[in-house]
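In what follows, a single structure is set out as structure tokens and then discussed.
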Number of protein chains: 2
Amino acid sequence: MNSSTNQKLEIQKVESSRIAEVDFNNLTFGSAFTDHMFECDYKDGEWQNPTIKPYGPLTISPAAKVFHYGQAVFEGMKAFKDDNGKVWLFRPEQNYLRINKSSVRLAIPEFPRDVFFEALTTLVKLDKEWVKPGQGNSLYIRPFVIATQVGVSASPSSEYKFMILMSPAQAYYTGDVKVVIADHYSRSANGGVGAAKAAGNYGAQFFPTNLAREKGFQQVIWTDASKHEYLEEAGTMNVFFRVNDTLLTAPISDRILDGVTRKSVIALAKNDNIAVEERPVSVAEIVEAAKNGSLKEIFGAGTAAVISPVSAFSYQETIYELEKQEDGFATRFKKELMDIQYNRSEDPFGWRYEVV
Amino acid sequence: MNSSTNQKLEIQKVESSRIAEVDFNNLTFGSAFTDHMFECDYKDGEWQNPTIKPYGPLTISPAAKVFHYGQAVFEGMKAFKDDNGKVWLFRPEQNYLRINKSSVRLAIPEFPRDVFFEALTTLVKLDKEWVKPGQGNSLYIRPFVIATQVGVSASPSSEYKFMILMSPAQAYYTGDVKVVIADHYSRSANGGVGAAKAAGNYGAQFFPTNLAREKGFQQVIWTDASKHEYLEEAGTMNVFFRVNDTLLTAPISDRILDGVTRKSVIALAKNDNIAVEERPVSVAEIVEAAKNGSLKEIFGAGTAAVISPVSAFSYQETIYELEKQEDGFATRFKKELMDIQYNRSEDPFGWRYEVV
Ligand SMILES: Cc1ncc(COP(=O)(O)O)c(C=O)c1O
Ligand SMILES: Cc1ncc(COP(=O)(O)O)c(C=O)c1O
């Protein structure tokens, strides 16, 4: 891309904004989109014609490989507006690195850093009115790549489209999150694509998650596919267990997404002198800790919900309830994270990234 | 669907056929498409407006769930023209049942049988000139379903599109197929989606298959994700091993596609009084059989290539060559299958399905 002659970002602005049509007090997560989107095509061996244009439909062949072979990866990140109207991203470098890591695993060409950041910041600047200030409000940003070559033979595409969509989001009230610990279905295996944000990982979870929902649980905590003995992560969140005052979480592996929120929580905990163990966490020890009262909290960590406390888990038909912790670790890390994200506190780790 | 008021199949014919533009002697698999395609949308809880229309691009939101969450399944089947110009499908009921099985696993609503068969046969009749007679020529048929609801929240789509594309295919000369036995990467795990023809299963294989290609091998034979001790299947083929005069193949499980060619080969073998064992086949026993000379053949079985003999396999850096068998099982089953498919022999199992 750096050597390409087509690298100048083209900008086609909307004639009039749709922002007045949007009810910012009643947003369904991920269903309204800002005025502009970013598009860049890969063909003839290079990323070409990076363009910001009005959000709108694609014209694409029904034989495009993405529809048949799921050759697609994505990212999820957020922009926040502080009380002075400045807009900040949170650790965008992590998402940049991760989408390329996902792409490599899916045999998709990596995307150039300069184009990614220019597109991202230009887009956020253009649509900055869509980022509302106030605790919990944010702009959810969705970079993704899809295979666009026409052809139904099962081989890597020679053409791709990299896009960025943006969607205004409100505080994501997850309510009482109850989870089921998986003992039959699985999300990923050693040597698979679990560590990639590959599109197919998500569709594959819908059916078992529906089964959990039918029983009154919102999410599944996945376990290792071989024996279902170790706790891994939830559908869109990494998971932490607080046993007495120690925080436990599964180590990064090729089965688990290396979450930005996860690594931020770990950094905050260490900074606060809280003991953190990144190691295989067995179902047996968590069940035992629930029984003997040493299990104080379980919470999910991810961009969409930030920190999501778990109020109960079910394992092999037994339900274990967790006592509500007003001043627990979940509350504390959520506040510390959001204070950094909304520019209300110091940023000792250099996580904030000013856009405008 | 049966209760729907919109169930009549609408047919929009092309004004003029593109068939003259196609060089039927130089077809790349899956890249040319016939004049018509089938489309049917699911919304408000039912499949609506089944339509056959000219093959052409879709207009679809970049926020459609298929692009983000890989909620998509497909099928692959073929039509054959006999020497009298009649066109036949091969066991289409199997593909109908399997796409719905795949859909259930991906939380996609099942498609009604009557609409499937009416669409399929009407489409093949309309485009029957695209099915060329002669050994190896066929029409490859690709039914598939994609999630079309707009929204980037990770939950099942409320809207879908069921489509059928058709692509003329020539004898698929696979040449000398050499395979690598997987000892690190994996395709699927217990409790996963390996038994479904889910789009994401295929994109996930491209990277490890590229690694095999770089070493001069065309395909990977996947092994169990837990320990890589048992042989499962190849990327788009089930796999058979002939040890002395016994045929071995992995049993159907939730990790393996229940291949139509596989079950047809098993039926033919049993009918020919050849011993077939459907049981876990260990890498160790096949390596041992290769060493002691009792391993006579390995072949893949799948719709695209029918039967594909394997000339060598690599396992942990050692290459095992197989002697070419002119009159082996692979040759025999390929002939028996194709004789049935092209209406050149009896059809004792009732596998042929006359279209026109
Ligand atoms: C499978 C999975 N695990 C964990 C996460 C959390 O990662 P992050 O904190 O980077 O959003 C996500 C969501 O992005 C995810 O999809
Ligand atoms: C993973 C996989 N295994 C096996 C097969 C062979 O199945 P069939 O004989 O039904 O084409 C296919 C191709 O369809 C496949 O995709």
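The values are calculated or read from the model by the stated rules, or taken from the named source; none is laboratory data. None of these values were measured; they are calculated from a predicted model. Cβ atoms come from the backbone with ideal geometry, glycine included; neighbour counts cover every protein chain shown. Heads up: the accessible areas ignore ligands, DNA and RNA and are worked out on the full protein's heavy atoms, side chains in. Shrake-Rupley method; radii C 1.70, N 1.55, O 1.52, S 1.80 Å.
Annotation: aspartates and glutamates with alpha-carbon distance below 16 angstrom to B:LYS8 (same-chain offsets under eight excluded): B:GLU39, B:ASP41, B:GLU46, B:ASP114, B:GLU118. Cα extents for the stretch A:272-356 along the principal axes, largest to smallest and rounded to whole angstrom: 51, 22, 21. The B:GLU346 and B:ARG279 beta-carbon pair, evaluated with R₀ = 35 Å, returns a calculated FRET efficiency of approximately 0.70.
For the protein assembly as shown, a Kirkwood radius taken over Cα pairs fed into Stokes-Einstein (37 °C, viscosity 0.692 mPa s) yields D = 122 µm²/s. The simple Förster model, with R0 at 35 Å and r as the Cβ-Cβ distance, assigns B:SER294 and B:ASN25 a FRET efficiency of 0.25. Under 5 Å between amide hydrogens, built in the peptide plane, is the criterion, and for A:GLU277 it picks out A:LEU247, A:LEU248, A:THR249 among residues at least 5 positions away or on other chains. Residue-wise HN-Hα couplings along the stretch A:123-130, as the Karplus relation 6.51 cos²θ - 1.76 cosθ + 1.60 with θ = phi - 60° gives them from phi, are 5, 5, 5, 4, 9, 5, 5, 7 Hz; Gly and Pro carry x.
Here the alpha carbons of the stretch B:10-169 define both size measures, Rg and Dmax, at 16.2, 53 Å. With 20 Å as the limit, the listed pairs A:LYS78/A:LYS132; B:LYS263/B:LYS291; B:LYS78/B:LYS132; B:LYS101/B:LYS132; A:LYS132/A:LYS324 have B:LYS263/B:LYS291; B:LYS101/B:LYS132; A:LYS132/A:LYS324 beyond it between alpha carbons. Equivalent ellipsoid semi-axes for the stretch B:5-86, as square roots of 5 times the alpha carbon gyration tensor eigenvalues: give them largest first, rounded to whole Å. Output for the stretch B:5-86: semi-axes of 28, 19, 15 Å. Selection among B:PHE29, B:SER16, B:ALA119 by position relative to the dipole of the stretch B:1-125 gives B:PHE29 as farthest towards the positive end (Cβ unit charges, Cα centre).
The same position B:GLY134 in the other copies lies at 7.0 nm from this copy, comparing label points 7 Å beyond Cα toward the beta-carbon, shortest first. Counting Cβ atoms of other protein chains within 10 Å of each residue's Cβ and taking the mean over peptide A:142-154 gives 5. A DSSP coil position with no more than 12 other Cβ atoms inside 10 Å describes the following trypsin sites (Lys or Arg not before Pro) in the stretch A:205-310: A:LYS215, A:LYS227. Among the GluC sites (Glu not before Pro) in the stretch A:1-84, those located in a DSSP loop and surrounded by at most 16 other Cβ atoms within 10 Å of their own Cβ are A:GLU15.
Every Cα-Cα pair in chain A was counted, and those over 26 Å apart are 53% of them. Taking label points 7 Å from Cα along the Cα-to-Cβ direction, B:THR246 and B:LYS227 give a separation of 2.0 nm. According to the calculation over all Cα-Cα pairs in the stretch A:177-341, the P(r) per 10 Å bin from zero is 10, 43, 37, 9, 0 %. For chain B, a simple Cβ point-charge model (Lys and Arg +1, Asp and Glu -1, everything else neutral) yields a dipole of about 360 debye relative to the Cα centre. The angle separating the long axis of helix B:92-105 from the principal Cα axis of greatest extent in chain B is about 90 degrees. Whole-Hz Karplus values for the stretch A:137-146 come out as 7, 6, 10, 7, 10, 10, x, 7, 10, 10 Hz, taken residue by residue from phi with 6.51 cos²θ - 1.76 cosθ + 1.60 and θ = phi - 60°; glycine and proline positions read x. Principal-axis analysis of the Cα atoms of chain B puts helix B:283-292 at an angle of about 50° to the longest axis. The rotation axis taking chain A to chain B passes closest to the C-beta of one chain A residue; that residue and the distance in whole Å read A:GLY200, 1.
For B:GLY85, the distances from its label point to the matching points in the remaining copies are 7.7 nm, ordered from shortest, with each point set 7 Å beyond Cα toward Cβ. Taking 0.36 nm per residue of separation and subtracting the Cα-Cα distance, full extension of the segment from A:LEU9 to A:ASP327 would add 109.7 nm.
Computed from label points 7 Å out along Cα-Cβ, the spacing between B:ILE319 and A:SER16 is 6.9 nm. Charges were assigned to the Cβ only: +1 to each Lys and Arg, -1 to each Asp and Glu. The resulting dipole of the stretch A:10-169 about its Cα centre is roughly 420 debye.
Buried accessible surface for the B/A chain pair comes to about 4700 Å², total over both chains, computed with a 1.4 Å probe. The other copies place their B:LYS13 label points at 5.2 nm from this one, listed shortest first, where each point is 7 Å from Cα along Cα→Cβ.
Helix B:329-341 and the longest principal axis of the C-alpha atoms of chain B enclose an angle of approximately 20°. Working from Cα pairs under 8 Å separated by at least six residues, relative contact order for chain B is 18 percent. Restricting the chymotrypsin sites (Phe, Trp or Tyr not before Pro) of the stretch B:256-356 to loop positions (DSSP other than H, G, I, E, B) with no more than 15 neighbouring Cβ atoms within 10 Å leaves B:PHE349.
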